[in-house]
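First comes the structure, then the notes that go with it.
Here, each number is a calculation from the coordinates, and none is a lab measurement. Source: prediction; values computed, not measured. A quick note on method: Cβ atoms are made from the backbone with ideal geometry, for glycine too, and the neighbour counts reach across all protein chains shown.
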């Protein structure tokens, strides 16, 4: 360990991160120093003296320059104002997913006693954020990955909420009889043909199981989830999806084919089609599947 000045340390790390533009390197460095050493921007501007391990700093720079996501290096991230542990076995939560959570919370403001299921929960960010912000609701979370569910369970404890975790492959038949008021999912929806457009930190480190739809079928999991929702949503229950921006209208048509009504494709803050929601109309569904 050795003592150094905060400004010098900050400048050195920014300069040694060669993978990104200066502004992004600065953001990464600010986040790292705050999480690792408790240094905020005011401390850096004040050129506070700090004790650091130079080997730790060097390893951090090497990992960043090898495209490893900062969130995996730190082992944590923030989502909807809450802390979450993350590891390579779970997808790093995205800002657009926060918008999906916010939409549900606002749609059901002031309501309690609801039953909610998050399908493909990963780190648990959706389910846990809903449980934390919709008191009095019963929240469950499903995932195919036992490793992901272990991380999600830790995150539920970390955020002091109760969530039921279910290990299940949504593409297989379901024998449960629980009925839900809300089903929400951010399923894998990226086609393999889109890989050249993606950043290396995603391609090299984030779980393919959580990213890619099988057989270049971006709507594969949406169909499976809708099949599930037809049976497990309560009458007039609602389903919410995060969607591939390239398939907004196709997703809407698919939801309507399964008998959902009041289907809307919603834009994110960047004006992209990133969410869809619909309502189960039970009388139509009875006719549709009889």
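Assorted remarks:
- Rounded to the nearest whole angstrom, the semi-axes of the ellipsoid equivalent to segment 2-66, taken from the Cα gyration tensor as √(5λ), stand at 18, 13, 9, largest first.
- Efficiency of FRET between residue 12 and residue 154 - r from beta-carbon atoms, R0 35 angstrom, step 0.05: 0.55
- Computed over the chain: relative contact order in percent, which uses C-alpha pairs under 8 Å that are six or more apart: 13
- Burial ordering of 77, 29, fewest other beta-carbon atoms within 10 Å first: 77, 29
- Shape call, segment 33-102: gyration tensor on alpha carbons, a/c limit 1.5: oblate
- Per residue, the convex hull spanned by the Cα atoms of the chain amounts to 142 cubic angstrom.
- Rounded to 10°, Cα long-axis angle of helix 248-257 versus longest principal axis of the chain: 30
- Neighbour-count order for 11, 185, fewest beta carbons within 10 angstrom listed first: 11, 185
- Residues 241, 221, ranked from the fewest to the most other C-beta atoms within 10 Å, line up as 221, 241.
- Coarse-grained scattering of segment 1-130 at q = 0.13, 0.15, 0.16, 0.18 Å⁻¹, given as base-10 log I(q)/I(0) from a Debye sum over alpha-carbon atoms: -0.65, -0.79, -0.86, -0.99
- Binning the alpha carbon pair distances of segment 116-193 at 5 angstrom intervals from zero yields the distribution 3, 16, 28, 24, 16, 8, 3, 1, 0, expressed in whole percent.
- When you restrict to C-alpha pairs under 8 Å that are six or more residues apart and normalise by the size of segment 128-276, the relative contact order lands at 20 percent.
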